[in-house]
Amino acid sequence: MRRRRFLQQLGSGAVIAGAALGSACSRNDSAAAAGSAAATAFKPVKWKMVTTWPKNFPGLGTSANLLGELITRMSGGRIQVKVYGAKELVPAFGVFDAVSRGTVQMGHGAAYYWKGKSEEAQFFSAVPFGLTADEMDAWLHHGGGMELWEETYRPFGLVPLAAGNTGVQMAGWFNREINSVDDLKGLKMRIPGLGGEVLKRAGGLPVSLPGGELFTSLQSGAIDATEWVGPYNDLAFGLYKAAKYYYYPGWHEPGTTLECIVNRKAFEALPEDLQAIVRQAARVVNQDLLSEYIARNNEALKTLVEEHHVAVRPLPEEVLQRLRKLSDEVVAEIAARSQRAQRIYDSYHAFRQQVIAWSNISERAYLNARGSG
Ligand code: CA
């Protein structure tokens, strides 16, 4: 029902936007005619979107479905997108290569899964102690981030688009208490991206596993701890059945951007109006998923605590301080390894420094003023 309402609202919005566009075009008939000719000359295409998520997984998989539906509907069927879950066409971690090679036209996942291809990619998903969801969107879309992301993916024949944000994640599920920095030593934990590098520096053993393998790995004892996303998604995987302690905050993923990747040749073969539709559909999903997470995480947290009696605990300040210091080192070292990484880091870091001054007297000040109850 919710999805249908959303599309109906979008439909009426599209009519209004169309009317406005029509009046603008009436002042520029030749441009309108050229656009219309390009649109009618374009033969409808069928695109495949592969994803790193289990099919229809709440939030992650369903936002990929929404992206496919929006592109199909907004284009009037000129692009018909079919969405595939992990392993249906390619394995979860095969998404990048499949889209890069043009085996399929689109993918949905997160940039930190591709650190083996490009270490810099990690800056476009999440940086430990980095930008929050709102700040990340601000950097990407109004602070130069998207241009750097495009440059990073160009050698792979990919167009990147921000297509979802989880907001602040949870630190994860642990089978042992974390009372001091020493408790991280030897901890075998699923934690991807830069957060994993930081855990390694703290003496832990990070592993990268797709979501679909977390529950059995944790339950069998193959790993001691795992992070996934937050209450909404962690409840769906039943992680509370495999670990006792649920720690916060998600220091390693303060506002993770999910990505849509499009094969560049396929994208450039589209007329301009369809390229705009693909880009704008991703922007809609980018915002919609964050709203969904905020709405669903608090419901799911209540269920975890009240029905499943999960022990929700803060990481000790001493542990966070140590992780913060190590994060600064790890991120700066990765930046120093290539010229492009350094430019991305400089842009990200400068934006972070700047936005902290504003966030301190806006979001942080307001949250403090609102109080905790
Ligand atoms: Ca995560």
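The values are calculated or read from the model by the stated rules, or taken from the named source; none is laboratory data. Bear in mind the structure is a predicted one, so any value in this text is a computation, not a measurement. Here the Cβ positions follow ideal geometry from the backbone for every residue, glycine too, while neighbour counts run over all protein chains shown.
Listing for the model above:
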{"quantity": "Ala225, sole failed condition from (1) small (Gly, Ala, Ser); (2) within 16 Å of the ligand (Cβ to nearest atom); (3) out of contact with any helix residue (DSSP H, G or I) (no Cβ under 7 Å at 6 or more places or on another chain); (4) over 28 Å from Asp328 (Cβ atoms)", "calculated": "(4)"}
{"quantity": "Pick from the range 228-238, criterion in contact with a helix residue (DSSP H, G or I) (Cβ under 6 Å, 6 or more places away or on another chain), closer than 15 Å to Ala311 by Cα and not in a loop (DSSP other than H, G, I, E, B), ranking: nearest to the ligand (Cβ to nearest atom)", "calculated": "Pro231"}
{"quantity": "Test: residue in the range 155-168 that is aromatic (Phe, Trp, Tyr), at negative phi and surrounded by 23 or more Cβ atoms within 10 Å (Cβ to Cβ)", "calculated": "no"}
{"quantity": "Residues of the range 45-62 classified as crowded, with 24+ Cβ neighbours inside 10 Å, assigned to a loop (DSSP other than H, G, I, E, B) and of a type outside the set (S, T, N, Q), total", "calculated": "1"}
{"quantity": "Residue count, the range 183-214 (criterion: closer than 22 Å to Phe123 by Cβ, in contact with a strand residue (DSSP E or B) (Cβ under 6 Å, 6 or more places away or on another chain) and more than 16 Å from the ligand (Cβ to nearest atom))", "calculated": "1"}
{"quantity": "Complete set of residues in the range 340-356 that are under 13 Å from Met136 (Cα atoms), small (Gly, Ala, Ser) and touching a helix residue (DSSP H, G or I) at 6+ places or on another chain (Cβ under 9 Å)", "calculated": "Ser347"}
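So that you can scan it fast, the table gives a plain yes or no per residue for (1) in contact with a Ser or Thr (Cβ under 8 Å, 6 or more places away or on another chain); (2) within 21 Å of Gly196 (Cα to Cα); (3) modelled with pLDDT of 95 or more:
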| site | (1), (2), (3) |
| --- | --- |
| Pro210 | yes, yes, no |
| Thr216 | no, yes, yes |
| Lys241 | no, no, yes |
| Pro254 | yes, yes, yes |
| Phe267 | no, no, yes |
